[in-house]
Amino acid sequence: MDKTAWWKEAVVYEIYPKSFQDSNGDGIGDLRGIIDRLAYVKALGADVIWLCPVYKSPMCDNGYDIADYYHVDPMFGSDEDMDELIAEAGRLGIKILMDLVVNHTSDEHEWFQKALEDPCSKYADYYVFRDGRDGEPPNNWRSYFGGSAWERIGDSNRFYLHIFDKKQPDLNWECEELRKEIYKIINYWLDKGLAGFRIDAISNIKKNIRYGTFPPDGEDGLCYIGDWVLNQPGIENFLQEMNERTFMLHDSMTVAEANVPDELLDKFIGENGFFSMVFDFSYTDIDVPESGEWYQPTNWTVKEMREKIFHSQMAVNSIGWAAPYLENHDQPRSINKYIPRQYINDYSKTMLGGLFMMLKGTPFIYQGEELGMENIRMDSIRDYDDIATFNQYSRAVMAGMTEEEALNVVYLRSRDNSRTPMQWDTSKNAGFSDSDHTWLKVNPNYLSINAEHNAVLEFYKKIIALRKSTQYADVVVYGRFVPIENTVDNVIAYERIQDERYLMVICNFQPEECEMLLHSGYSKILLSNYENGRIEDGKIHLRPFECAIIAKGFTPS
Ligand code: GLC
Ligand code: CA
């Protein structure tokens, strides 16, 4: 039986600050805007906000390039606004998680600037500097955002490592003094009353630097870097130390962006694990090849998706706690990923919501997911903002695609698909901003998809209410996850069971109708995305993309 914890019972809502609500008319979302919309988050039923980075930053990667960990970027408001957000949210019973980005800083961070100025200063040890091979980089690793992972300093033979963009130099966790600086930052924020952190790219902090030319795996002559910078042996010492010196002292909630292989799960999220939970990428990146090069999407099936979800739930639940999610700021909109264009509608959207929100774990909802927001198709690659998008677009063109074909991949997978402004209502810029120019285009479909009169939103509210209800909370939160295997290929079904009380979730992931035999005793449809669900002769009849939650063993309230 799981130990109870407040964060296990929570529903998390992720806010991408640049795109949530603009309060001062500059076309960019900000902290005051978020404060103004807290009532919306409360009404949805979420009780934790994960706030993507708002620290001082030149914004080459929208704040994931931090120049000062102690201050809010003026674009988002003031330090006092952040204090006010924590306090106002607290009054509504909403806790705040910030994003912790400590694999790298911005190249504009004071530490990096000082390291460049004086290679003999202690700051030079804060980053990963290496000599090149006669002016060539130490090796041919490709950074995650494309191009060499090494950047040459001036005309010298000295290079620094950046596994993301060249404006995001990697920190050297081997340096004890640097680690202390990081713990100081974390404790500074936790002392302010933060509930915890979502921890960025943390699997990458230990590097296994090797010189040489590795077999290239692309037209650029470079090779995938992951094998030397992901979950490298020894990383556990850093993670353990960080936990002991920071999170543990505050009883924080932590969710790590870390793709953890099964055999390491126990160390990461077991009884004395480093984190409360980790995000699993296996089903959200089902359309991306292992190399991360999303311009070459995979062919996947609903059956594979079911296997991945079941595998993840079984592996994680036997050891710790899960963090199921459909979307985040690095993913396109889930509806466009999982459902063919012609079948995108409120049924398929709510079916996806039902499938994920009932899994065991703390659900994470990304802003606009609850409205059924969709991908955007901008006219030109120049309308986009995201560095990863530019990289994948040019890789696609380099690999021989036409510009039109490359743009089609962007329509499917660009991170900007989910970063467009939040669609509040039918007024100018969907109510996001009254500026004539928003930092990223508003999706023109806001006239029909927005937070007013929205069936998807109503469904999310109902399912969250179920999770919070006296009668069902216990089973929805703590009930065992039991996969149902013998369904037809395009149905995903599972049970949640606790003390002889059962919930069954069935999702008909296809445009065809079908029937499914139920285990005996299931007769009451608790929640469905259709009207008039039908159970007859122990069978449920499912319409296209129908999602039903059926109960048994509960005493009527
Ligand atoms: C994480 C963030 C992503 C960012 C990257 C580099 O993957 O979620 O948005 O680009 O780290 O910090
Ligand atoms: Ca603003």
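The values are calculated or read from the model by the stated rules, or taken from the named source; none is laboratory data. Worth saying up front: this structure is predicted, and the values here are computed from it rather than measured. Positions of Cβ are generated from backbone atoms using ideal geometry, with glycine treated the same way; all protein chains shown enter the neighbour counts.
Look through Asp425, Asp434, Asp416 and report the one residue that is closer than 30 Å to Gly292 by Cβ and among the charged types (D, E, K, R). Don't jump to the end; show me each part of the working.
Values: Asp425 fails: closer than 30 Å to Gly292 by Cβ; Asp434 fails: closer than 30 Å to Gly292 by Cβ.
After applying the criteria, what remains is Asp416.
How many residues does region 360-385 hold that are touching a Ser or Thr at 6+ places or on another chain (Cβ under 9 Å) and crowded, with 21+ Cβ neighbours inside 10 Å?
10
For region 13-45, give me each residue that is part of a helix (DSSP H, G or I), more than 16 Å from ligand 1 (Cβ to nearest atom) and either touching a Lys or Arg at 6+ places or on another chain (Cβ under 8 Å) or of a type in the set (D, E, K, R) (or both). Outline the logic, then answer.
Initially, region 13-45 is screened for residues part of a helix (DSSP H, G or I), giving 17-19, 31-36, 38-44.
In the following step, the residues that additionally are more than 16 Å from ligand 1 (Cβ to nearest atom) were identified as 31-36, 38-44.
Selection gives Arg32, Asp36, Lys42, Ala43, Leu44.
Any chance you could count how many residues in region 425-484 are out of contact with any Phe, Trp or Tyr (no Cβ under 7 Å at 6 or more places or on another chain) and at positive phi?
Number satisfying all stated conditions: 2.
Could you look through region 55-81, keep only residues that are outside any loop (DSSP other than H, G, I, E, B) and in contact (Cβ under 8 Å) with a residue 60 or more places away in the chain, and pick out the one that is farthest from ligand 1 (Cβ to nearest atom)?
Looking only at region 55-81, we keep the residues that are outside any loop (DSSP other than H, G, I, E, B), and these are 55-56, 68-72, 79-81.
If we keep only those that are in contact (Cβ under 8 Å) with a residue 60 or more places away in the chain as well, we get 69-70.
Values: Tyr69: 14, Tyr70: 19 Å.
The extreme case among them is Tyr70.
So which residues in region 7-29 are polar (S, T, N, Q) and near ligand 2 (Cβ under 9 Å from one of its atoms)? Don't jump to the end; show me each part of the working.
Quick first cut of region 7-29, residues polar (S, T, N, Q) only: 19, 21, 23-24.
Within region 7-29, Gln21, Ser23, Asn24 qualify.
Quick one: count up the residues across region 11-58 that are over 16 Å from Gly431 (Cβ atoms), small (Gly, Ala, Ser) and surrounded by 22 or more Cβ atoms within 10 Å (Cβ to Cβ).
2
Suppose we keep only residues that are in a loop (DSSP other than H, G, I, E, B) and over 14 Å from Glu307 (Cβ atoms) within region 472-507. Which one would you say is nearest to the chain's Cα centre (by Cα)? Even if it seems obvious, please write down each step before you answer.
Of all residues in region 472-507, those in a loop (DSSP other than H, G, I, E, B) come to 472, 479, 485-490, 499-500.
In the following step, the residues that additionally are over 14 Å from Glu307 (Cβ atoms) were identified as 472, 479, 488, 499-500.
Numbers: Tyr472: 27, Gly479: 24, Val488: 30, Asp499: 33, Glu500: 34 Å.
Filtering region 472-507 for residues that are in a loop (DSSP other than H, G, I, E, B) and over 14 Å from Glu307 (Cβ atoms), the one nearest to the chain's Cα centre (by Cα) comes out as Gly479.
In region 1-24, which residues are aliphatic (A, V, I, L, M), over 23 Å from Glu370 (Cα atoms) and out of contact with any helix residue (DSSP H, G or I) (no Cβ under 8 Å at 6 or more places or on another chain)? Reasoning before the result, please.
Pass one, region 1-24, residues aliphatic (A, V, I, L, M): 1, 5, 10-12, 15.
Then keep just the ones that are over 23 Å from Glu370 (Cα atoms); that gives 1, 5.
Ala5 - this is the single residue of region 1-24 that is aliphatic (A, V, I, L, M), over 23 Å from Glu370 (Cα atoms) and out of contact with any helix residue (DSSP H, G or I) (no Cβ under 8 Å at 6 or more places or on another chain).
Of these, Tyr183, Tyr188, which one is more than 16 Å from ligand 1 (Cβ to nearest atom), of a type in the set (Phe, Trp, Tyr), exposed (fewer than 14 other Cβ atoms within 10 Å of the Cβ) and at pLDDT 95 or above? Give the derivation first.
On the way: Tyr183 fails: exposed (fewer than 14 other Cβ atoms within 10 Å of the Cβ).
Every option except Tyr188 fails the conditions.
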